[in-house]
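Here the structure is laid out as structure tokens; the discussion comes afterwards.
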Amino acid sequence: MEQELPSISIFVTSKPMLEAVHVQAIIASNQGLDAIVNTGKWGRYTSEAKEYANSQGVSLFNYRQLLGALERDDEEFPVYERTAMRVARQSISRHSKVVRVEDVALYELRVHRKNLSTVRVAFTEIYILGIADLREILEEFPNIDAIVNLSLWNYYTKEAKGKAKEYGIGLFELKEFLGALNYAGDSFISYGDPEAGW
């Protein structure tokens, strides 16, 4: 016999980027909230927004994260993070060149490295990442140094890798990004490109 879990109160919003000030206003005007869901394109929110929501006992999700969280059987509403993103964060944090990993926003990290420049990286999960996807990602994440396409079955086209290099952005699968973290400049951007000798 299935046990009925308690009902939850969810506030749904749609913003390109949910900031802490938005979360504060939502929580202040909606007492008893369990979660806020940003259904905007990419469903992004800043790390400050998530931190504030969690400090108030409210979970902060994008739509995909909410669906994953609702599938769980926990008594408490969980703070959900996609498995691929959690694995990426753990792998990067353990890298010998990495001093620390800092959340910038949902799917965007700042990676501080020993004796090398800090890298801002965006994460995505696109089956075949092409030039159009690359442009869309760069619109959403304008200040990044790298893009990592997560999951073992996802990859990027040769044309997308070349266009990313033209923009001065590294385009990688996770294992390539882990290798690229050992380098700077053109060697970082070109890492994993057979045409560049990798």
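The values are calculated or read from the model by the stated rules, or taken from the named source; none is laboratory data. Just so you know, these numbers come straight off a predicted model, no measurement behind them. Here the Cβ is made from the backbone with ideal geometry for all residues, glycine too, and neighbour counts use every protein chain on show.
The table for this structure:
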| quantity | calculated |
| --- | --- |
| Subset tally (residues that are in contact with a helix residue (DSSP H, G or I) (Cβ under 8 Å, 6 or more places away or on another chain) and either outside the structural domain of A122 (by TED's automatic domain parsing) or outside any loop (DSSP other than H, G, I, E, B) (or both)) for the stretch 136-148 | 4 |
| Selected residue (only one of L171, L152, L181 is among the aliphatic types (A, V, I, L, M), free of Cβ contacts under 8 Å to residues at least 24 places away in the same chain and under 27 Å from S96 (Cα atoms)) | L152 |
| V121 being within 12 Å of the chain's Cα centre (by Cα), modelled with pLDDT of 95 or more and not in a helix (DSSP H, G or I) | yes |
| Out of L129, L106, sole residue that is in contact with a helix residue (DSSP H, G or I) (Cβ under 6 Å, 6 or more places away or on another chain) and buried (at least 18 other Cβ atoms within 10 Å of the Cβ) | L129 |
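Residue-by-condition table, conditions (1) of a type in the set (S, T, N, Q); (2) over 21 Å from R110 (Cβ atoms); (3) part of a helix (DSSP H, G or I):
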site: A28; (1), (2), (3): no, yes, yes
site: Q31; (1), (2), (3): yes, yes, no
site: E48; (1), (2), (3): no, no, yes
site: A53; (1), (2), (3): no, no, yes
